[in-house]
Amino acid sequence: MPKDSGIGASSKRREDVRFLTGTGNYTDDINLNGQAYVHFLRSDVAHGRLTSVDTSAAEAMPGVLRVFTGADFAQVGGLPCGWQVTDRHGQPMQEPAHPVLAQDKVRHVGDPIAAVVAETREQARDAAEAIVPEIEDLPAVVDMKAALEEGAPKVHDDLDSNLCYDWGFVEENRDAVAEAIETAAHVTRLELVNNRLVANAMEPRVAVGDYSRATGESTLYTTSQNPHVIRLLMGAFVLGIPEHKLRVVSPDVGGGFGSKIFHYAEEAFCTFAAKALNRPVKWTATRAEAFLSDAQGRDHVTTIELALDADNNFTAIRTETHANMGAYLSTFAPSVPTWLHGTLMAGNYRTPLIYVNVKAVFTNTVPVDAYRGAGRPEATYQLERVIDKAARELGVDPIALRRQNFVTEFPYETPVAVAYDTGDYNATMDKLEEIADFDGFAARRAESEAKGLLRGRGVNCYIEACGIAPSNLVGQLGARAGLYESATVRVNATGGITVMTGSHSHGQGHETSFAQVVADMIGIDADMVEIEHGDTANTPMGMGTYGSRSIAVGGSAMVRAAEKVIAKAKKIAAHLMEASEDDIELKDGQFSVAGTDKSVAWGDVTLAAYVPHNYPLDEIEPGLEETAFYDPANFTYPAGAYACEVEVDPETGKVTIDRFAATDDFGNVINPMIVSGQVHGGLAQGIGQALLENTVYDESGQLLSASYMDYAMPRADDMPFFAVDHSCQTPCTHNPLGVKGCGEAGAIGSPPTVVNAVVDALQRGGHDVTHIDMPLTPARVWQAMQG
Amino acid sequence: MYAFDFERPTTIDAAVKALQSEEAQALGGGQTLIPTLKQRLAMPATLVSLTAIKEMQGICEDDQGRLCIGGATTHAQVAREAAGRYPALADLAANVGDPAVRNRGTIGGSLANNDPSACYPAAALASGATIVTNDREIAADDYFQGMFTTALEEGEIIIEVRFPVPQAAAYAKFEQPASRFALVGAFVARFDDGVRVAITGASEEGVFRWSVAEDALTADFSAGALEGLRLSGEGMISDLHGSGDYRAHLAGVMTRRAAAAGG
Amino acid sequence: MPQVSMTVNGKPASGEVEGRTLLVEFLRENLGLTGTHVGCDTSQCGACVVHVDGQDVKACTMFAAEAEGAEVTTIEGLAEADGTLHPLQQAFQDHHGLQCGFCTPGMVMTGVALLDRNPTPSEAEIRDYLEGNICRCTGYHNIVKAIMAASGQDVSKIAAE
């Protein structure tokens, strides 16, 4: 096997040449003949009763083809929610309708009211300004706790309240946990906010709808992480188009981070309008629209209590969270603060009793859904912050306290319903102490002091559940979809291979790393393997890319399909060499008969499969193409330990990340270069959350951080070089590659690291600060130092 | 953007004439105006670009030793060409926006817009610069009249800005983390007859002179001279990036740092 | 509508534009050069950076009419005619300086402009020069490393994996 292109090789990415030369094919680069443009008129108030929409002036404007309002969608389905959570009392969550265009009310700034389709983008926008919506202003609910008060304005009139659900997990443990906390030797309590974020993939969302009267087929080109999911949701639940008449294409997609998982109104609109007008209809979001229409992330307000016995063993954890859903339920929103959050509350530690309570709340804000990490960063943040606080209260070393409570024996059944198959948390911590140069801290701190700066160090661990997900398990938990993945391995006559995968790459480099896997299995050069994804017309039904699932689930499907291909190829080889199938070995692209010098090359076998002149047609079909669907037996559990050193300017409160080290156990690694890149990006997003990014609404529901002028995106000069290591590898025990997934780790593990470091710096500097809510902006840090 | 007619005159006279038409607006480098137009917050009938007027570009020195910068001179050019004669000004220009913005944005555009968080107003006010328009000369002390408000009349354009060069000067900027505009910036300039201190980013009234700090620094040009001096948070901008009190505090810190750097 | 003419990637290009047509719209829509991207509307993300008369500028914050007579270079004009990548393009691939690729054209054009002015920039100088270019994928680590490597500096000490 060529060492430079198989599993474990840092192969250069084949995607890069097109991206580096400006020849990528992003959705906004697609322009169809006769294309018209849509502009959405969006609500500029957070809450109001929509009494009428006068479109007459707009319809008379130059270039206008048609103006659509909610009335056009009255007979069309709403945007569906893909996950139903059952509350503490066994009742289903409250699930409001989510119309494509507002029907009777507007519920957040940015809620689409009407849509103008015109010959040009500017004409559509000009005409949208001429639409006159009559909106009777209603008081907005923005704060979650206020939204739950008696008599609060209701976001949805037909629901009982603004409470989506009140979830308890594990409900049976509620009393036992309460008792354990009451009787504990020590309890550390912390109230904190997990700040609302905007994913801000650099490519804004785009949708192009097309329709053929000749075939009755609709096509949607869209910036999606999972085109099949969009096809299913939009076809079956919104527009009533059967899958064989609906094609969804996600070409090159410029980042997603979760925000491009969900099915959005604009996708349904463009598909619907293309048919109504018999013209392609295109929508390209501006960044301003993205801030008002992309599902946002996080936004939890939490109180956590950690109970310890007299020997500092963790005995119980209780956490109560208010989780903001925004104005509607986005596709997977209900699952994020529950099953992706509560199940991770054990972290890397043995804590026998855990109770998680989550109240999900509707507010007049943009819907909230999964964003890189999705629930797991929220779990990790509160747990690792409270452990750090406990260590300070008890006067023990925060690393020692963690090590003392680590899970060390696997498999480990947590009290929150998941079973960690494998891991070695002491190994990643040992490695961290080495690569983060703990020994040099004192000297660096002295240097900082000499400059008048406060230096601190933060350390923490994380665990995540990835490889989402076992379908039968998530089905029990309320998922309305299976979460398997698919792949077709098509071997061509001359030996080259095309793999069609249901996974989707929007920056992760699947075209490179997936090819490495198949090439490695056969022993051919990776250049002989091509990866296709993103088009429902030529890929098997797949569930897409999110939750660090692509290599663990999609990669496993590909392995299963390749195994089938190899099994069939061995039969063909056995026939060609007149040997028993059981004696055939495949190595370095050669089939040989064990114990003999007989061999045939990969290409001889593939040619025979397609030119079956000398071929056992009575035993084997011609051709060499296999499909597999893989449904994982368990989640995977990547884990790691992170360390960060910060300098705080006591005069201004400005925090500078001086060093950051990350050790991750991802199990086996296919392409170390790509894996490191994934960690780097996750770290930057987590550091962004910790120091810079915040989504702020005022009391009336206006978004104050509505552009890059006020939403602080991490820049190059906010980041240091990172030290990352993934040499600690405990392979996953239940998937064929032994992989765990790496996409979200950095964003999960880094926020508490940074906050722990800043608190450490301030305390070493003599400031009695135990917590600051993220983002730790200069103003907040300075304010905290004022006491 | 709303539709508008676009003109790109090559002389000041032609630009002034073009700006006399109804709802005409001048376009400098456009680094603020174009984003504003995209949001449809401005609706000019005619946009008159000043970028092709050679006589408004470049830097020279007049017979009073003042540094004279053409109104259409980019930040990048100021950063390069003022470095020898007025390093603090060049340093300020080198940190406005980002490199691509500096290659388009102009000193005249910045001063005409008078964003309360812009850097150039601090330099002009602290230097006691003269704003030369197609019509008259305006002292900086009279020019800045509050947030986004200046002494410019409609259709009046900044031809040149004349900066007396101080004996010592420095600009200290604390960046707003998102926009990278000044959350607070302090420009300190020491002349024969005293020190001038201008603060940008902080006040709801836009750039202002901090006279107490000027007196202290005139008496003793050192960071230590400012010890104990405080501005009030009242009247300071308070937003999601910082309270008025925080900005008032930062103004003190930045002024001290500028005094230390210029000393 | 007014006519605008310029040289783009060494070839003459002209077309009819409105006053409000941005340079990036002219490049993408009139000329079909879709490598230059639009990622924001406040002139901050830098996905649209191109070179106009040798200067790196944001093509979303400049009108097409202002590029009249100018020499414009876009990402499509950087590699050699035979496909050989520009050294900085090659360095981005060698050091994994891109993931989703959307910010990449602007990053590369900005990086080339930096190296034109400062052939061996320090890490701090690179980070500072990238202030107007936002990347959401890479954490900038490998972008900075790629620019250092393209300038001939030894990057072997910077963690590779």
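The condition (being under 30 Å from A:Arg42 (Cα atoms), open to solvent by 10 Å² or more (accessible area, probe 1.4 Å) and either in contact with a helix residue (DSSP H, G or I) (Cβ under 7 Å, 6 or more places away or on another chain) or in a loop (DSSP other than H, G, I, E, B) (or both)) is satisfied by just one residue among A:Arg372, A:Arg318: A:Arg372. Say whether the condition of being in contact (Cβ under 8 Å) with a residue 12 or more places away in the chain, open to solvent by 20 Å² or more (accessible area, probe 1.4 Å), over 30 Å from A:Ala46 (Cα atoms) and within 14 Å of chain C (Cβ to nearest Cβ) is met by at least one residue in region A:713-723. Within region A:713-723, one or more residues are in contact (Cβ under 8 Å) with a residue 12 or more places away in the chain, open to solvent by 20 Å² or more (accessible area, probe 1.4 Å), over 30 Å from A:Ala46 (Cα atoms) and within 14 Å of chain C (Cβ to nearest Cβ).
In region B:215-257, the qualifying residues are those that are more than 14 Å from chain A (Cβ to nearest Cβ) and buried (at least 20 other Cβ atoms within 10 Å of the Cβ), and the one that is nearest to B:Gly185 (Cα to Cα) is B:Leu231. Can you name every residue in region C:16-42 that is open to solvent by less than 30 Å² (accessible area, probe 1.4 Å), facing chain A (nearest Cβ under 9 Å) and in a loop (DSSP other than H, G, I, E, B)? Those that are open to solvent by less than 30 Å² (accessible area, probe 1.4 Å), facing chain A (nearest Cβ under 9 Å) and in a loop (DSSP other than H, G, I, E, B): C:Arg20, C:Thr34, C:Gly35, C:Thr36, C:His37, C:Gly39, C:Cys40, C:Asp41, C:Thr42. On inspection, C:Ile158 fails the criterion of being among the β-branched types (Val, Ile, Thr) and either assigned by TED's automatic domain parsing to the domain that holds C:His51 or open to solvent by less than 10 Å² (accessible area, probe 1.4 Å) (or both).
To keep it simple, each residue is scored yes or no on (1) part of a loop (DSSP other than H, G, I, E, B); (2) over 16 Å from B:Glu55 (Cα atoms); (3) at pLDDT below 95.
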residue: B:Tyr2; (1), (2), (3): yes, yes, yes
residue: B:Pro9; (1), (2), (3): yes, no, no
residue: B:Asp13; (1), (2), (3): no, no, no
residue: B:Leu41; (1), (2), (3): yes, yes, yes
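It is to be established whether one or more residues within region B:176-199 are outside the structural domain of B:Thr51 (by TED's automatic domain parsing) and closer than 27 Å to B:Glu23 by Cβ. No, every residue in region B:176-199 fails to be outside the structural domain of B:Thr51 (by TED's automatic domain parsing) and closer than 27 Å to B:Glu23 by Cβ.
The condition of being under 30 Å from A:Ala390 (Cβ atoms) and touching a residue at least 24 places away in the same chain (Cβ under 8 Å) holds for only one of A:His263, A:His228, A:His186, that being A:His186.
Can you say whether C:Thr138 is part of a loop (DSSP other than H, G, I, E, B), open to solvent by 10 Å² or more (accessible area, probe 1.4 Å) and modelled with pLDDT of 95 or more, as far as the supplied structure shows? Here the answer is no, as C:Thr138 does not meet what is asked.
Inclusion of A:His680 among residues that are more than 20 Å from B:Ala178 (Cβ to Cβ), at pLDDT 95 or above, in the same structural domain as A:Gln382 (by TED's automatic domain parsing) and not in a helix (DSSP H, G or I) is not warranted. Out of all the residues in region C:51-69, is one or more assigned by TED's automatic domain parsing to the domain that holds C:Thr36, over 17 Å from C:Val38 (Cα atoms) and open to solvent by less than 10 Å² (accessible area, probe 1.4 Å)? Within region C:51-69, one or more residues are assigned by TED's automatic domain parsing to the domain that holds C:Thr36, over 17 Å from C:Val38 (Cα atoms) and open to solvent by less than 10 Å² (accessible area, probe 1.4 Å). Would you check which residues across region A:646-661 are of a type in the set (Val, Ile, Thr) and over 31 Å from the mean Cα position of the chain (by Cα) and list them? Listed by number, the residues that qualify are A:Val648, A:Thr652. Which ones in region C:61-90 are within 10 Å of chain A (Cβ to nearest Cβ) and of a type outside the set (D, E, K, R)? If the condition is that a residue be within 10 Å of chain A (Cβ to nearest Cβ) and of a type outside the set (D, E, K, R), then C:Thr74, C:Ile75, C:Gly77, C:Leu78, C:Ala79, C:Gly83, C:Leu85, C:His86, C:Leu88, C:Gln89, C:Gln90 are the ones that fit.
When B:Ala258 is tested against the conditions (1) assigned to a helix (DSSP H, G or I); (2) within 29 Å of A:Glu693 (Cβ to Cβ); (3) among the small types (Gly, Ala, Ser), the lone failure is (2). So which of A:Asp698, A:Asp664 is in contact with a strand residue (DSSP E or B) (Cβ under 7 Å, 6 or more places away or on another chain) and either of a type in the set (Ser, Thr, Tyr) or touching a residue at least 40 places away in the same chain (Cβ under 8 Å) (or both)? Answer to the check: A:Asp664.
Once region B:29-46 is narrowed to residues that are touching a residue at least 40 places away in the same chain (Cβ under 8 Å) and polar (S, T, N, Q), the residue that is surrounded by the most Cβ atoms within 10 Å (Cβ to Cβ) is B:Gln31.
Here is a yes/no grid of residues against (1) away from every other protein chain (no Cβ under 13 Å); (2) crowded, with 17+ Cβ neighbours inside 10 Å:
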residue: A:Asn25; (1), (2): no, no
residue: A:Phe40; (1), (2): yes, yes
residue: A:Ser52; (1), (2): yes, no
residue: A:Thr69; (1), (2): yes, yes
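Does region C:102-116 contain any residue that is more than 14 Å from chain B (Cβ to nearest Cβ), at pLDDT 95 or above and in contact with an Asp or Glu (Cβ under 8 Å, 6 or more places away or on another chain)? Yes, region C:102-116 has at least one match.
When region A:683-694 is filtered for residues that are open to solvent by 20 Å² or more (accessible area, probe 1.4 Å) and within 12 Å of chain C (Cβ to nearest Cβ), only A:Leu692 remains. Here A:Ala102, A:Ala147 are screened, and the one residue that is within 32 Å of the chain's Cα centre (by Cα), open to solvent by less than 10 Å² (accessible area, probe 1.4 Å) and either free of Cβ contacts under 8 Å to residues at least 60 places away in the same chain or under 25 Å from A:Asp72 (Cβ atoms) (or both) is A:Ala102. When each of A:Ala391, A:Ala379 is tested for being surrounded by 16 or more Cβ atoms within 10 Å (Cβ to Cβ) and free of Cβ contacts under 8 Å to residues at least 24 places away in the same chain, the lone residue that passes is A:Ala391.
Comparison of C:Ala47, C:Ala13 shows that the only residue that is crowded, with 19+ Cβ neighbours inside 10 Å and either more than 10 Å from chain A (Cβ to nearest Cβ) or at pLDDT 95 or above (or both) is C:Ala47. Taken over region A:282-318, the criterion of being within 23 Å of the chain's Cα centre (by Cα), farther than 30 Å from A:His39 by Cβ and among the polar types (S, T, N, Q) is satisfied by A:Thr302 alone.
Of the residues contained in region A:754-770, one or more are found to be in contact with an Asp or Glu (Cβ under 9 Å, 6 or more places away or on another chain), in a loop (DSSP other than H, G, I, E, B) and not small (Gly, Ala, Ser).
All conditions but one from (1) free of Cβ contacts under 8 Å to residues at least 12 places away in the same chain; (2) assigned to a helix (DSSP H, G or I) apply to C:Phe92; the one that does not is (1).
Residues in region A:695-712 that are assigned to a loop (DSSP other than H, G, I, E, B) and more than 7 Å from every other protein chain (Cβ to nearest Cβ): A:Thr695, A:Asp698, A:Glu699, A:Ser700, A:Gly701, A:Gln702, A:Ala706. In the condition set (1) without any contact (Cβ under 8 Å) to a residue 12 or more places away in the chain; (2) open to solvent by 40 Å² or more (accessible area, probe 1.4 Å); (3) over 27 Å from B:Arg180 (Cβ atoms), C:Pro87 is compliant with all but (1).
The values are calculated or read from the model by the stated rules, or taken from the named source; none is laboratory data. Because the structure is a prediction, the values reported are computed rather than measured. Positions of Cβ are backbone-derived with ideal geometry, glycine not excepted, and every protein chain shown enters the neighbour counts. With ligands, DNA and RNA removed, areas are computed over all heavy atoms of the protein, side chains included. Shrake-Rupley method; radii C 1.70, N 1.55, O 1.52, S 1.80 Å.
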